[in-house]
Every structure is written in structure tokens, then in C-alpha cells.
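Step one of this worksheet: look at the structure below.
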């Protein structure tokens with residue numbers, strides 16, 4: 001690992017920039033979802049308003065046609081009623097001339113005359129209702145006419161609302177396109193800062209030295225545990241709680257096989273994870289580097305597969321009675337260490 005003076009501030013800046021990329025992408029995703037929903041609602045509103053206007057014109061045309069047909073039928077019924085009254089009047093005169101023989105016929109004639117009169121009254125009432133309906137239809141037609149004229153004046157109308165909704169949909173579509181571009185920018189910022197941090201991580205930072213010094217403090221506890229798994233896990237748990245920038249600690253024997261649980265620091269608590277127990281780490285670079293020297297070693301910075309945060313591993317041999325009895329390794333959260 002190469003040394004370079006005063007690179008720690010650059011690392012801190014890179015960490016902050018690395019946070020910016022995902023935040024931009026998250027903000028862009030939210031904006032894109034909102035713009036898409038707004039575009040969809042506005043388009044639906046415009047379509048609904050268009051259907052409303054079409055349905056209104058169609059209904060008015062049908063009502064006009066129906067009222068005209070009813071008017072013609074009423075006119076025919078009125079004419080029939082008038083002729084019936086004339087015929088009944090003539091029939092009653094003839095019945096009166098017939099004297100006693102025409103009396104029964106006169107009764108029928110009176111019934112026919114009464115029916116004709118009632119028919120006339122009914123058609124008159126219906127005609128009055130039809131006249132009122134014609135007035136209402138005229139008012140609706142006037143509204144539609146004003147609707148067409150209002151387009152030029154900018155007054156609120158069904159058509160104007162529909163056009164405004166389409167305009168809103170168009171604007172929302174452009175906003176969605178901008179959000180997509182912002183998301184791409186966030187991804188690019190994230191990629192570039194990720195690359196920057198990983199390149200910085202090949203240099204030796206003060207953070208590496210700080211983590212290595214903290215690891216030395218844990219070695220004494222490992223030696224005092226005298227090979228007891230329970231004592232070793234208890235000592236390392238206490239050490240982890242005193243050093244919150246470490247995410248994970250574990251110990252192997254001299255052959256590289258893990259002899260304790262993974263001790264994970266999570267929300268201020270130490271969690272035992274047995275997944276690593278018994279695993280062979282003898283071919284891993286951090287193990288090989290630690291066995292090559294009596295001093296603690298640090299790896300380059302990498303992105304953790306578990307937390308997706310930036311980390312590096314520190315490791316050192318555990319010596320007892322003049323021999324290496326194992327290797328202590330711990331993963332450092334680079335962000336937490338820099339923020340201390």
C-alpha cells in the first residue's frame with residue numbers, strides 16, 4: 001500500500017460525493033413517479049372532458065330529433081281529435097232526427113265526443129310540456145354556442161379545460177424526461193465517486209493507521225482468552241463496542257480456519273453470526289498478508305457486499321508462547337472512521 005500525504009481530506013470529500021449520487025437518483029425516481037402520475041391523470045381528465053363534450057352534443061341532437069317526432073305525432077293526434085269531434089257533432093244531429101230509433105246511437109256518439117275532448121286536452125298538455133322542453137334545449141344550445149365562442153376569449157369551458165389538461169400532461173411528460181436525466185446523472189456521479197474512492201483506497205491513509213492501532217489493542221484480549229472460544233468472543237465483543245467504526249470481527253487458527261462466530265456490530269449491539277464458523281480463509285489476501293509480517297496490515301478500500309458501504313480489512317497475527325496461534329481480522333466502515 002502506497003503512502004501519500006494529506007490525501008485524507010480528499011477521501012472525506014469523495015465519501016460525501018458518493019452519498020450525493022444515490023440521493024440524486026432517489027430524488028429523480030420520486031420526481032419521475034410523480035410526473036408520470038400527473039401526466040396520466042391529466043391525460044385521463046382531458047379524455048373525460050372530451051367525451052363529456054361529445055356526449056352532450058350527441059344527446060342534444062337526439063333530443064332535438066325526438067322532440068320533433070313527438071311534435072309531429074301530437075299534431076296528427078290533435079287533427080284526429082278535431083275530426084272526431086266534428087263527426088260526433090254530425091252524428092248527434094242525425095240521431096236527434098231519428099227520434100226514438102236514434103236514442104241508443106246518441107249515447108255512443110256522446111262517448112265518442114267525450115273521448116275526442118279528453119284527447120284534445122291531453123295533447124294540449126303534452127304540447128305545453130314539449131314547448132318547455134324546447135326552451136330548455138334552446139338554452140343548452142346557447143351554452144354550447146358560447147362554449148365555441150369562449151375559445152377565443154379564454155373563458156373556462158369544457159373544451160378549454162380539456163386543452164389545459166392536455167397541456168399539463170405534456171408538461172408532466174417533459175418533467176418526467178428531466179427526472180430520468182437526473183437519475184442518470186446521479187448514477188454517473190455514484191460511479192465516478194465510487195471509482196475515485198477505490199483508487200484513493202490503494203494509498204495508505206491516516207484512517208488505516210488508526211484502525212491498525214485499534215486492532216493492536218484487541219490482540220492482548222485474544223492472547224488472554226487462551227484459546228477459549230467463549231472467552232475470545234466475549235473479549236472481542238467488548239472491544240467492538242469500544243470501537244464503533246468496526247463492522248465485523250473474527251478469528252482464525254494458525255491454519256486459517258475460523259474458530260469463532262462472526263461478531264457483527266449492528267445498531268450499537270454485538271450480534272453473533274455463525275455463518276463464518278469453520279470457514280477456511282487461508283487463501284485470502286488479508287490472511288496471507290498478515291502471516292507475512294508481525295505487524296497489523298490493511299487492505300485496499302472495497303465496497304461491502306453486505307452493506308454496500310466502503311470498507312477495508314485490518315488483520316494481524318496472534319502470538320502466544322513464541323508462536324503464531326491465529327489471525328485476528330476486522331472489517332472497518334470507512335465512512336464511520338472518517339466521521340470520528
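Readers should treat all values here as calculations from the given coordinates under stated rules, not as data from a laboratory. Every value quoted in this text rests on a predicted model; they were computed, and no experiment measured them. Because the Cβ atoms are built from the backbone with ideal geometry, glycine has one as well, and the counts that use them run over all protein chains shown.
Miscellaneous remarks
- Rg and Dmax [Cα atoms of segment 230-340; Å; Rg one decimal, Dmax integer]: 13.4, 40
- Reported to the nearest whole Å, the Cα centre-to-centre distance from segment 226-242 to segment 278-340 is 16.
- Each of 331, 309, 283 was scored by other Cβ atoms within 10 Å of its Cβ. Arranged with the fewest first, they read 283, 309, 331.
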